[in-house]
Amino acid sequence: MSGHVTAEPRLHHADKFRGRLPQSLLAEAAMGFVPPHWMKKAQEKSRSGIVLLAGGRGTGRRIAALNLLCREHGAAASIRHLDGDLDFGTWQPASGEANGYLVEGTLGGLIRNGAALTSIGARLLEAGAVMAVVLPDDPELTTQLDDLLDMAPIHCTPPDPQEVLQAKLALAVPENEDRRRLLGKLPSELLPELLPPGASPRDAVDVAKAIVTATGSAESAGARAAYIDVTLAEQADREIAELLPKWLDDPPAMNALLAAAVFAGSSPQTIAEQADRLATVSHAQEVVDTSITCQGGQRSLHALLCLAGVRTDTVQRPGRPPETRMFFARCQWPGAILRHIWHGPSADSLVSWLRGVEGHDLIERAGWALALSVPAKRGNGRLRRIQTCAMSGGPSGRAVAARALRILMNDSNLSQETAACLGSWAYDQRWPLRCVVAVTCGSDSGIAPLRPALALMRKVVRSADADPNHYVDQAVDDAILHLFRRGDRRVVLRELCDWTESEGAQAWYATRVLSKLLRSDLTWFGAQTADDEVFDMTVLLIRRTLRARGPVGALRDVMLRWQRAANWDPIQAEAVDALLFAVGADRHPHVRRFLNAIDRHR
């Protein structure tokens with residue numbers, strides 16, 4: 001079924017390709033090529049005879065340049081690769097010598113001279129050729145060239161990585177049905193995680209290779225996903241092992257690299273701010289210029305990171321102004337960098353730094369980075385750095401730890417150990433650990449797998465009764481509400497009904513939280529009158545709340561609010577009446593007193 005995934009042609013070492021480029025290279029560049037969104041604009045620019053391409057590593061601009069030059073003649077085109085230091089002021093292309101020219105550099109320093117560029121373009125058109133100039137990765141130069149009007153460079157960003165993946169897989173697995181079957185054996189969330197926005201074409205090629213290889217190496221979807229993850233991680237670890245030694249003796253550069261790794265895809269300002277904060281935590285301070293160009297004596301973020309393959313892209317989103325974001329040339333590199341650092345002497349500083357982040361998006365990324373602190377090999381204390389973050393980081397630290405734990409709960413290799421650790425923390429005398437358990441189970445940033453989360457919440461509720469704490473109580477309420485809103489609501493209601501079977505703390509809690517669940521989505525409850533299970537569970541919880549003399553006032557208020565809203569909605573009115581009628585079948589005095597109060601306020 002599956003064949004070989006074709007790699008992207010390597011054009012990074014220009015000296016290897018001086019003179020006429022081989023037809024085999026042009027053919028490889030065209031195989032599975034996905035035109036980026038800027039390709040049409042580049043084609044329009046090429047009518048002047050010359051087009052300038054700006055961007056960093058991982059954009060695929062060299063492959064795109066070859067396809068741009070070959071667009072009329074295909075792999076049969078004659079393309080020459082010229083030395084960027086030629087004297088282009090006097091250079092004259094011979095008629096019929098080539099269909100296109102690829103140049104890397106600044107055209108011997110003429111790149112800032114609009115008149116010289118126009119002259120070169122005219123000579124090229126006269127010779128029937130086009131030139132694509134791949135500019136150095138220099139944002140300051142690019143900013144200056146943007147003022148050249150007709151000759152302004154194209155700002156290159158990668159094509160959609162999912163489209164590149166599909167194109168590469170189509171070469172290896174030509175039959176549509178076979179490809180659908182191949183991808184259908186993978187977890188649905190895997191590909192977006194492996195190829196986020198900004199991923200390079202080479203990333204997509206690597207993922208395609210791993211998918212094809214995994215077909216004969218693993219049977220279940222989980223095993224295939226694990227195989228692909230390990231394959232890509234090991235490759236990234238090998239690549240990063242060659243890069244990092246050059247950085248370890250330069251603390252400011254290392255701080256910038258770590259900030260870029262943790263917060264990849266963020267703005268340059270965010271990464272610079274986090275790099276400065278890390279410098280403060282690690283006592284290795286050098287202010288990083290938040291701008292992309294170098295000013296004064298400071299080293300700019302770009303100057304610190306460009307050698308590590310970090311580029312700056314302008315991201316366009318519908319209905320929003322353009323945003324500047326920083327990406328690694330390879331999207332697996334951030335994880336590889338962090339895995340390396342977690343095993344070194346800077347690990348404790350990293351925990352102190354991560355637990356101090358603020359803001360939802362930054363906490364998400366910090367939690368992901370913290371999850372990587374867990375060693376692959378089994379052993380005691382694998383979650384100790386997460387525990388340190390939970391205990392000493394305040395609300396932000398607990399949120400970061402919870403995000404890390406939620407990631408681990410979804411990891412097939414670590415889920416059982418993580419659940420066991422959380423089960424122990426749920427009874428711990430230290431309230432921050434109990435609070436983290438609740439936040440892990442459900443918060444604004446997501447919910448844990450539902451069934452283990454509900455079992456953990458029962459434990460936290462029991463321990464909270466013996467050692468009450470406001471922060472834990474609030475986290476428990478938030479978790480239950482998030483699990484209800486974003487999980488399987490029937491499962492949550494079923495669990496709460498089970499809790500009311502006993503006379504312990506969990507039974508009291510189930511009656512206390514009922515009014516909050518009703519208030520969170522009255523419309524949904526009203527639409528469930530035809531669902532016997534949900535209807536019966538709701539009636540049961542209301543009756544037991546009233547019998548246990550739970551928070552009757554809150555329950556009365558939400559029912560009255562429901563009735564008032566139902567005055568304008570016959571379907572909801574019928575649902576409220578049916579529910580109260582069913583509740584009234586219980587003749588317990590507390591139930592009758594509640595229904596009489598409802599009638600008086602109608």
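The values are calculated or read from the model by the stated rules, or taken from the named source; none is laboratory data. Please read all numbers here as calculations on a predicted model, not as lab measurements. Counting neighbours? That spans all protein chains shown, and the Cβs are built from the backbone with ideal geometry, glycine included. What goes into the accessible areas is simple: the full protein's heavy atoms, side chains included, and nothing from ligands, DNA or RNA. Shrake-Rupley method; radii C 1.70, N 1.55, O 1.52, S 1.80 Å.
Answer with yes or no whether Leu145 is in a helix (DSSP H, G or I), in contact with a strand residue (DSSP E or B) (Cβ under 8 Å, 6 or more places away or on another chain) and surrounded by fewer than 21 Cβ atoms within 10 Å (Cβ to Cβ).
yes
List the number of the failed condition for Leu124; all other conditions in (1) of a type outside the set (Lys, Arg); (2) crowded, with 19+ Cβ neighbours inside 10 Å; (3) within 31 Å of the chain's Cα centre (by Cα) hold.
(3)
Residues Ala223, Ala259, Ala236, Ala208: which one is open to solvent by less than 10 Å² (accessible area, probe 1.4 Å), of a type outside the set (D, E, K, R), without any contact (Cβ under 8 Å) to a residue 60 or more places away in the chain and in a helix (DSSP H, G or I)?
Only one candidate qualifies: Ala259.
Scan the range 420-442 residue by residue and report those that are surrounded by fewer than 19 Cβ atoms within 10 Å (Cβ to Cβ) and either of a type in the set (Gly, Ala, Ser) or not in a helix (DSSP H, G or I) (or both).
Those that are surrounded by fewer than 19 Cβ atoms within 10 Å (Cβ to Cβ) and either of a type in the set (Gly, Ala, Ser) or not in a helix (DSSP H, G or I) (or both): Ala420, Gly423, Ser424, Tyr427, Asp428, Gln429, Arg430.
With the requirement that a residue be open to solvent by 10 Å² or more (accessible area, probe 1.4 Å) and among the aliphatic types (A, V, I, L, M), what does the range 476-493 give you?
Leu481, Val491
Here are Ala223, Ala204, Ala241: which of them is over 30 Å from Asp276 (Cβ atoms) and over 18 Å from the mean Cα position of the chain (by Cα)?
Ala223
Would you check if Leu307 is open to solvent by 10 Å² or more (accessible area, probe 1.4 Å), on the phi < 0 side of the Ramachandran plot, touching a Phe, Trp or Tyr at 6+ places or on another chain (Cβ under 7 Å) and in a helix (DSSP H, G or I)? Don't jump to the end; show me each part of the working.
Details: open to solvent by 10 Å² or more (accessible area, probe 1.4 Å): yes; on the phi < 0 side of the Ramachandran plot: yes; touching a Phe, Trp or Tyr at 6+ places or on another chain (Cβ under 7 Å): no; in a helix (DSSP H, G or I): yes.
When the stated conditions are applied, Leu307 does not pass them.
Can you name every one of the helices (runs of 4 or more DSSP H) wholly within the range 499-585 that holds 2 or more residues which are open to solvent by 70 Å² or more (accessible area, probe 1.4 Å) and closer than 19 Å to Asp477 by Cα?
Answer list for the range 499-585: 505-520.
Name the residues in the range 170-203 that are assigned to a helix (DSSP H, G or I) and closer than 21 Å to Ala329 by Cα, would you? Before the answer, list the steps.
Going residue by residue through the range 170-203, those that are assigned to a helix (DSSP H, G or I) are 170-172, 176-184, 190-194, 201-203.
Leu190, Leu191, Pro192, Glu193, Leu194, Pro201, Arg202, Asp203, listed by residue number.
Determine, yes or no, whether Gly446 is open to solvent by less than 10 Å² (accessible area, probe 1.4 Å), modelled with pLDDT under 95 and not aliphatic (A, V, I, L, M). If you could, list the steps in order and put the result at the bottom.
Working: open to solvent by less than 10 Å² (accessible area, probe 1.4 Å): yes; modelled with pLDDT under 95: yes; not aliphatic (A, V, I, L, M): yes.
Against the criterion (open to solvent by less than 10 Å² (accessible area, probe 1.4 Å), modelled with pLDDT under 95 and not aliphatic (A, V, I, L, M)), Gly446 qualifies.
Filter the range 321-368 for residues that are among the charged types (D, E, K, R) and within 26 Å of Arg57 (Cβ to Cβ); which is most open to solvent (accessible area, probe 1.4 Å)?
Looking at the filtered set, the residue picked out is Asp361.
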